[in-house]
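The values are calculated or read from the model by the stated rules, or taken from the named source; none is laboratory data. Computed from a predicted model, the values in this text were never measured in an experiment. Every residue, glycine among them, receives a Cβ derived from its backbone with ideal geometry; neighbour counts consider all protein chains shown.
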Amino acid sequence: MKQIYTPWNIELGKNFSLEPLSCGLYANTVLDGKFWVMEPDKYPSPYYAFPTKLRFNIFIGQRIKYHFPYDKRLFWESISLYYELSSNDLYIVSAAGNSRLKPGDYLRLSFGAKFYFGIDIKHKGS
């Protein structure tokens, strides 16, 4: 589950745009029975302060987007390439309480591509 906020974009010619600020929140989980949300009884309470199965994350980054021309679209409306600098709840709390941690210990850099689906029926065949 990911919520992205992009306050503005800048047109870079006919088919490109830049999103100079993209930020948001997301949650992720591990689909494995070895990880848990509620601390198992075998640990004295509160042995672990955070569940091992669920992480809440925050990120900031940028995106560049290519908008496919209307006459070339099949299912893809656009594609964006992006980077994000992120951290999660456990890393942030650990960094706040431990001055020995370096940014590389609690920050993550991600790169990716996002495909936007969409068929604009009004422009097809015109």
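What the table below lists for this structure:
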{"read-out": "Within segment 70-92, tally of residues that are at pLDDT below 90 and exposed (fewer than 15 other Cβ atoms within 10 Å of the Cβ)", "value": "5"}
{"read-out": "Number of positions in segment 69-123 that are out of contact with any Leu (no Cβ under 6 Å at 6 or more places or on another chain), part of a helix (DSSP H, G or I) and of a type in the set (A, V, I, L, M)", "value": "4"}
{"read-out": "Residue list for segment 50-60, restricted to those being of a type outside the set (K, R), out of contact with any helix residue (DSSP H, G or I) (no Cβ under 8 Å at 6 or more places or on another chain) and not in a strand (DSSP E or B)", "value": "P51, T52"}
{"read-out": "T29 vs. criteria farther than 26 Å from Y5 by Cα, polar (S, T, N, Q) and surrounded by 10 or more Cβ atoms within 10 Å (Cβ to Cβ)", "value": "no"}
{"read-out": "Residue match in segment 1-11 (condition: under 21 Å from the mean Cα position of the chain (by Cα), surrounded by 13 or more Cβ atoms within 10 Å (Cβ to Cβ), in a loop (DSSP other than H, G, I, E, B) and touching a residue at least 12 places away in the same chain (Cβ under 8 Å))", "value": "yes"}
{"read-out": "Breaking point among (1) part of a loop (DSSP other than H, G, I, E, B); (2) touching a Ser or Thr at 6+ places or on another chain (Cβ under 6 Å), for R63", "value": "(1)"}
{"read-out": "Residues of segment 30-52 classified as within 20 Å of the chain's Cα centre (by Cα) and either modelled with pLDDT of 90 or more or over 20 Å from Y106 (Cβ atoms) (or both), total", "value": "1"}
{"read-out": "Any hit, segment 106-119, residues being loosely packed, with under 15 Cβ neighbours inside 10 Å, among the hydroxyl-bearing types (S, T, Y) and within 25 Å of A27 (Cβ to Cβ)", "value": "yes"}
{"read-out": "Search result, residues across segment 24-58 that are among the aliphatic types (A, V, I, L, M) and over 16 Å from I92 (Cα atoms)", "value": "V30, L31, V37, M38"}
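Conditions tested, residue by residue: (1) in contact with a Lys or Arg (Cβ under 7 Å, 6 or more places away or on another chain); (2) not in a strand (DSSP E or B).
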position: S17; (1), (2): yes, no
position: Y26; (1), (2): yes, no
position: F35; (1), (2): yes, yes
position: M38; (1), (2): no, yes
position: K42; (1), (2): no, yes
position: Y48; (1), (2): no, yes
